[in-house]
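Okay, so here's the structure we're looking at.
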Amino acid sequence: MIDSGSRMRIITTIAEAQAQSHAKCRVIVPTMGALHKAHGEMVRVARKHAGYDGEVALSIFVNPLQFEPGSDYERYPRLEKTDEEFCRNAGVDLLFRPSVAEMYADDRTVFVEETSLSNTLEGKSRPGHFRGVCTVVAKLFNILSADAALFGEKDFQQLVIVRRMVRDLNFKINIIAVPTVREEDGLAFSSRNQYLNPEEREQAAALHKALLAAENAGNKSAREIVDLVRRVISEAPLGRIDYVELVDAETLRPINTVRTNSLLAVAVFFGKTRLIDNIRLG
Ligand code: PAF
């Protein structure tokens, strides 16, 4: 379907996606919708990479495989019309919006699983999450014949794992990292921020405040840094820490002191909403 308000094409089937004529360079922005400013930034960066004769494709698919049982799959925001408008205004060329039935056969038996980097941080708290992410991302790379794909640094572990998948499975695709986009008070943009009530939203600013405190602390031990971050977050009484960890940014293995290429990663609940954030240290 060609959208009447712009040149944006909207497709919902894999057959349509594979029948599309392909621009010289196709850059994709994989998303689960509920689009916000950080997605807008990704489209902007994608456009720059695509060049004047390239194209930007954005996918919207709330991937059931990456939601662990009891999580927010059912209530994840699905804003079809608003997202469509967002894409049109952002200058997306191709919007791919498949259904679950289109993406997954009922009797599917093949998955993509990363087996080392996925065992820490988010992977430890959300078993099966990265298997779902790798499977859908591999499918999107194939379906959309992407030359490049963008991933946000807010989901740093996802970015590292996707890069590993691309290396180990020899995908011919360039992975581009996009720095985290933040609200005025430092809270990283996330589709899940809209679950927060006003009080939780106000207190959620503690996440970034804690990361900045860690950055200003210099080259301390992991224990000192983690204690400091926990202290700052605990100033927000509605926050419930899932993890605060100092790891190597490439291997994601825990490290004892801040050094070059360190990553401090946090996950904190505000009410039922689980927020993640991170900062590079060292
Ligand atoms: O980061 C996300 O929004 C999702 O994990 C992704 C990459 C679109 C895969 O479903």
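Only the coordinates and a few stated rules stand behind these numbers; no lab work does. Just so it is clear, the model here is predicted, and its values are computed rather than measured. Every residue, glycine among them, receives a Cβ derived from its backbone with ideal geometry; neighbour counts consider all protein chains shown.
Computed from the Cα positions only, the extents of the range 35-122 along the three principal axes stand at 39, 31, 26 Å, in decreasing order.
Between the alpha-carbon centres of the range 69-125 and the range 156-197 there is a gap of 13 Å.
Here, the range 129-282 yields an orientationally averaged convex hull projection of 9.5 nm² when only Cα atoms define the hull.
Please give the net charge around Arg274, taking every other residue with its beta carbon less than 10 angstrom from that of Arg274, where Lys and Arg add +1 and Asp and Glu add -1.
Values: positive: Arg126, Arg192, Arg240, Lys272; negative: Asp72, Glu122, Asp242.
Taking every other residue near Arg274 into account, the sum is +1.
Given Ala138, Ala23, Gly282, which one lies farthest toward the positive end of the charge dipole of the chain, if we put +1 on the Cβ of every Lys and Arg and -1 on the Cβ of every Asp and Glu? Final value for the positive-end residue is Gly282.
Among all lysine pairs in the chain that are eight or more places apart or on different chains, how many have alpha carbons less than 22 angstrom apart? The result is 16. Of the residues Asp185, Asp83, Asp93, the one that moves most in a GNM of the chain with alpha-carbon contacts below 10 Å is Asp185. Taking the inverse of the mean 1/r over every pair of distinct Cα atoms in the range 56-106 gives a Kirkwood hydrodynamic radius of 12.4 Å. How large is log10 of I(q)/I(0) for the chain at q = 0.11, 0.16 Å⁻¹ when the intensity is taken from the Debye formula with one equal scatterer per alpha-carbon? One equal scatterer on each Cα of the chain leads to -0.65, -1.33. Stokes-Einstein diffusion for the range 114-201 at 25 °C, viscosity 0.890 mPa s, with a Kirkwood radius from C-alpha pairs, works out to 169 µm²/s. Fully extending the segment from Asn170 to Glu74, taken as 0.36 nm per residue of separation minus the present Cα-Cα distance, adds 31.2 nm. Using only alpha carbons, the range 18-65 has a radius of gyration to Kirkwood radius ratio (Rg to Rh) of 1.02.
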